[in-house]
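Encoded as structure tokens, the structure appears first; notes follow it.
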């Protein structure tokens, strides 16, 4: 992707993904006992917000391919799990649980402040023991604080 044709949104996602790639290894060692680092991408993939969500998903998948082509994160392949929240806070919680059930250790969300608030509450209160709240909070743009998890 030539840099003169990259939108500002894509540049921001590239920067965020680089931060994620550098931050994840420092935050949570147990995620790397597995062969794949799974990131749940929770955004609208249907309905009125689908074009924005699909654009973000394509960017995350592109970046995962780039990271994987360079050897992954600490030698682990990165996999993006696309999950459609329909820009609905309650559906976002259902999709967050699906991400956890699918083996994701990290989730990200980009569209909808009500969705972000619901996911932040989920991260703070309802995470299973092997989920990594500090990384989720970094992905959601929140300050890591003492939520449960390992």
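Structure notes:
- Verdict on residue 31 being at pLDDT below 85 and crowded, with 20+ Cβ neighbours inside 10 Å: yes
- In the set 70, 77, only one residue is in contact with a strand residue (DSSP E or B) (Cβ under 9 Å, 6 or more places away or on another chain) and either modelled with pLDDT under 90 or surrounded by fewer than 16 Cβ atoms within 10 Å (Cβ to Cβ) (or both); that residue is 77.
- Scanning the stretch 40-67 for residues that are over 19 Å from residue 98 (Cα atoms), surrounded by fewer than 14 Cβ atoms within 10 Å (Cβ to Cβ) and touching a strand residue (DSSP E or B) at 6+ places or on another chain (Cβ under 7 Å) yields no hits at all.
- Selected residue (criterion: surrounded by the most Cβ atoms within 10 Å (Cβ to Cβ)) from residues of the stretch 99-115 that are in a helix (DSSP H, G or I) and either at pLDDT 95 or above or in contact with a helix residue (DSSP H, G or I) (Cβ under 6 Å, 6 or more places away or on another chain) (or both): 115
The values are calculated or read from the model by the stated rules, or taken from the named source; none is laboratory data. Remember, predicted model here, so these are calculated numbers, not experimental data. Cβ atoms come from the backbone with ideal geometry, glycine included; neighbour counts cover every protein chain shown.
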